[in-house]
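Beneath this line is the structure, given in C-alpha cells, with notes to follow.
The values are calculated or read from the model by the stated rules, or taken from the named source; none is laboratory data. Quick caveat: nothing in here was measured; it's all calculated off a predicted structure. Backbone-built Cβ (ideal geometry, glycine too); neighbour counts: all protein chains shown. These area figures cover heavy atoms from the full protein model, side chains too; ligands, DNA and RNA do not enter into them. Shrake-Rupley method; radii C 1.70, N 1.55, O 1.52, S 1.80 Å.
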Amino acid sequence: MPELPEVEALADHLRRHAVGQRILRIDVAALSALKTFDPPVTALHGRTVTDVHRWGKYLGVRCAELHLVTHLSRAGWLRWSDKLSTTPLRPGKGPIALRVHVGDGAEPAGIGFDLTEAGTQKRLAVWVVDDPAQVPGIAALGPDALDVDRDTLAELLGRSTGRIKTVLTDQKVIAGIGNAYSDEILHTARLSPFATANRLTAPQLDALHEAMIGVLTDAVQRSVGQQAATLKGEKRAGLRVHGRTGLPCPVCGDSVREVSFADKSFQYCPTCQTGGRILADRRMSKLLK
C-alpha cells in the first residue's frame, strides 16, 4: 500500500509535470471507484491544474475550486505517461480505473496519468469535490505524521489502550503511516509491536518520536524525485524488516519474524524489539490446535 513517503513523491511528480496543464479529458473505466457524482468528472474538463496536495495517504489534484482526490488503497497506483493512448477505455477490462489526459490541447494525444489497481479486491477510490473535507476519510484524519511533535505524540498515544502497532496505523490518530513504515519505525525505536500505546515510558516515547520522524523523512528524501515507476522498488530497497521474514536483521543478525492475520502480516526482530521473545503468530497457532 502506498504510504506517506510514496504519496508525497507522487504529489511532487504531479506538481512538476501536471501543474499548469489543462485537463483535456477524464476516462472512467471502473465506475465503482468513483464515489461522487456531483460535480461530475466532466466538470474538470478544460480546467487548469493549479496545485497538487497530500492529506495523509490521500492525493488530490486541484483545478481552481474543484479537486480530484484519490485514495490508492492497498493495490492502487498512479502511472504517468508522456503519451497516453486516445483509445477509449473498456469498462471492467484491465487494471486501469481512471485515465486523466492533460496538455495544452495542441497535440492529438496528451500527457497524463492512469490510476490503476491490481488484484480482485477493488478498493481504489476517487472523488470530485469542491472541498477536500467533503471526503469522509480526509475529514476524519488525525495530524500528519511529519507534523507531530514529541508532546503531541505523547498526548495522542495517551488516549489509547491499544497496541502501538495498531495505533500508529490508525489514520484517525496519526495520518500517513501504514503497515510497512510502522514496522520500520517500531524496529528503529526498538519497541514491540504489541506494546500498549498509553504505557510507553518517557525514553520509549522519545525513541518512538525520533524513529517516526527519521524513518519517514528519510523515505521521503529517497522517494521524491523518483519516477513513479521506480517508487515501489525504492521503497522495498529501503526496508529493514518489513517484508523480510526469515532474513537476518541488519542491526543484530537475528532472523526477522512474522505475525500473520487474516489478510495481512507484520514483521519484527525479536532481539531488537521483544527481548528475544517470539510473538504468537495467530495463523500458526490455529494450525497447531
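Every listed requirement among (1) within 20 Å of Leu191 (Cβ to Cβ); (2) at pLDDT 95 or above is met by Phe261 save one, (2). May I ask you to verify whether Pro203 is open to solvent by 40 Å² or more (accessible area, probe 1.4 Å), assigned to a helix (DSSP H, G or I) and of a type outside the set (S, T, N, Q)? It is true that Pro203 is open to solvent by 40 Å² or more (accessible area, probe 1.4 Å), assigned to a helix (DSSP H, G or I) and of a type outside the set (S, T, N, Q). The residue that is least open to solvent (accessible area, probe 1.4 Å), among those in region 1-58 that are basic (Lys, Arg) and either touching a helix residue (DSSP H, G or I) at 6+ places or on another chain (Cβ under 6 Å) or free of Cβ contacts under 8 Å to residues at least 12 places away in the same chain (or both), is Lys57.
In the set (1) of a type in the set (D, E, K, R); (2) farther than 23 Å from Leu59 by Cα; (3) surrounded by 19 or more Cβ atoms within 10 Å (Cβ to Cβ), the condition left unmet by Glu210 is number (3). The set of residues in region 217-257 being in contact with a strand residue (DSSP E or B) (Cβ under 7 Å, 6 or more places away or on another chain), open to solvent by less than 40 Å² (accessible area, probe 1.4 Å) and without any contact (Cβ under 8 Å) to a residue 40 or more places away in the chain consists of Val256 alone.
Does Ala280 satisfy the criteria of being in a loop (DSSP other than H, G, I, E, B) and either surrounded by fewer than 16 Cβ atoms within 10 Å (Cβ to Cβ) or touching a residue at least 60 places away in the same chain (Cβ under 8 Å) (or both)? Here the answer is yes, as Ala280 does meet what is asked. For region 145-166, a residue qualifies if it is assigned to a loop (DSSP other than H, G, I, E, B) and open to solvent by 70 Å² or more (accessible area, probe 1.4 Å), and the qualifying residues are Asp149, Arg159, Thr161.
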